[in-house]
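Enquirer: So that we are looking at the same thing, I have put the structure below in structure tokens.
The values are calculated or read from the model by the stated rules, or taken from the named source; none is laboratory data. Quick caveat: nothing in here was measured; it's all calculated off a predicted structure. Because the Cβ atoms are built from the backbone with ideal geometry, glycine has one as well, and the counts that use them run over all protein chains shown. Side chains are part of the model used for accessible areas, which takes the heavy atoms of the whole protein and leaves out ligands, DNA and RNA. Shrake-Rupley method; radii C 1.70, N 1.55, O 1.52, S 1.80 Å.
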Amino acid sequence: MRILVTNDDGVSSQGLHALAEAMRTLGRVTVIAPERERGAIGHAVTLHKPLRLIHVAKDVYAVNGTPSDCVLLGVTQLMRKAPSLVITGINRGLNLGDDVTYSGTVSAALEGTLLGIPSIAVSLEGEGTFRFETAAYYAARIAEAVLRHGLPPETLLNVNVPNRSRAAVAGVKVTALSRRQFVDPVIEKIDPRGRKYYWIAGTRVSWDRGKDSDEQAIRHGLVSMTPLHMDLTHYGALDDLRTWERTLQNGAGTRPSRPAKRRPAQAPARHSRRR
Ligand code: MN
């Protein structure tokens, strides 16, 4: 069994190697990771410069690209057969709620899912001292379960682990994404030459504290496991938006409050569609 391991913190990250070691208990592991930290890079792929594969050690490679590049190169260039699992992390810091859309860790797992491979993203709470051994332990248990049961189509698992000793972890909980936002997301400052500059920072707050959210699970010392679906379509909104279709086609604007007056103008379009 082959397992591909990557991350967005870079090939020298401690979390990457803790994860690879845990995966070696389950199968043969290939590590392919960005040569340097590429956090908050989302699902970016490199299209405008050559990518190089650097052989670092046995079954360990670095790439001058993004986490998603690593998954693509790993699966298509390093492996003769698609791996049974793509697993990314262990990220230094949580990937909860809305943050998953920025996350290189989650996006690398998304790339694995796009390639049709069961994929897991693993992130660890905290700053400074990380208990990678706790996250590695749960990554191995969850990977085992995924290898045994598979995942629903087009679905990846986003796993977040509290920064505690294994004994202090309260359990594993299946969760939904919380809503997280920044207070004062952009800070304006003045540089030494008197010009304005901006820093994207701010304080993260969650306002959805639903008991089944990923954020609540971490708060209660639980490992959070969120199934993420690749299809972002909001099916519930389709019918409502379809009422705009005809107006948009006639170039008559989108104000739903005026459809009665516009109806005669729409008649020809209706006829032509019937033909
Ligand atoms: Mn990271």
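Enquirer: Taking the range 1-10, which residues are aliphatic (A, V, I, L, M) and part of a strand (DSSP E or B)?
Expert: Correct list: I3, L4, V5.
Enquirer: Just to be sure I understand, how many residues within the range 74-106 are within 16 Å of the ligand (Cβ to nearest atom), surrounded by fewer than 24 Cβ atoms within 10 Å (Cβ to Cβ), of a type in the set (S, T, Y) and assigned to a loop (DSSP other than H, G, I, E, B)?
Expert: So the answer is 1.
Enquirer: Sticking with this structure for a sec: Just a yes or no: is a residue in the range 129-140 touching a residue at least 12 places away in the same chain (Cβ under 8 Å) and on the phi > 0 side of the Ramachandran plot?
Expert: Checked against the condition, which is being touching a residue at least 12 places away in the same chain (Cβ under 8 Å) and on the phi > 0 side of the Ramachandran plot, the range 129-140 yields no hits at all.
Enquirer: Within the range 60-107, which residues are in contact with a Phe, Trp or Tyr (Cβ under 8 Å, 6 or more places away or on another chain) and closer than 15 Å to N158 by Cα?
Expert: I90, R92
Enquirer: Looking at the range 11-35, which of its residues are assigned to a loop (DSSP other than H, G, I, E, B), without any contact (Cβ under 8 Å) to a residue 40 or more places away in the chain and either touching a helix residue (DSSP H, G or I) at 6+ places or on another chain (Cβ under 9 Å) or within 16 Å of the ligand (Cβ to nearest atom) (or both)?
Expert: Selection gives S12, E35.
Enquirer: Would you tally the residues in the range 1-10 being open to solvent by less than 10 Å² (accessible area, probe 1.4 Å) and more than 12 Å from the ligand (Cβ to nearest atom)? If you could, list the steps in order and put the result at the bottom.
Expert: Let us first name the residues in the range 1-10 that are open to solvent by less than 10 Å² (accessible area, probe 1.4 Å), namely 3-8, 10.
With the extra rule that they be more than 12 Å from the ligand (Cβ to nearest atom), the set shrinks to 3-5.
Final tally of qualifying residues: 3.
Enquirer: Among what's in the range 36-56 and is modelled with pLDDT under 95 and aliphatic (A, V, I, L, M), pick the residue that is farthest from the ligand (Cβ to nearest atom).
Expert: L47
Enquirer: Going through the range 55-73 one residue at a time, which ones are assigned to a helix (DSSP H, G or I) and open to solvent by less than 50 Å² (accessible area, probe 1.4 Å)?
Expert: Residues satisfying the conditions are P67, S68, D69, C70, V71, L73.
Enquirer: When the range 107-124 is examined, which residues are found to be open to solvent by 10 Å² or more (accessible area, probe 1.4 Å) and either within 13 Å of the ligand (Cβ to nearest atom) or part of a helix (DSSP H, G or I) (or both)?
Expert: Once the filter is applied, which keeps residues that are open to solvent by 10 Å² or more (accessible area, probe 1.4 Å) and either within 13 Å of the ligand (Cβ to nearest atom) or part of a helix (DSSP H, G or I) (or both), the range 107-124 yields L110, E111, T113, L114.
Enquirer: If you go through the range 125-175, how many residues are buried (at least 18 other Cβ atoms within 10 Å of the Cβ) and among the hydroxyl-bearing types (S, T, Y)?
Expert: Going through the range 125-175 one residue at a time, the tally reaches 3.
Enquirer: Quick check: is even one residue across the range 31-54 of a type in the set (D, E) and open to solvent by less than 10 Å² (accessible area, probe 1.4 Å)?
Expert: Checking the range 31-54: not a single residue is of a type in the set (D, E) and open to solvent by less than 10 Å² (accessible area, probe 1.4 Å).
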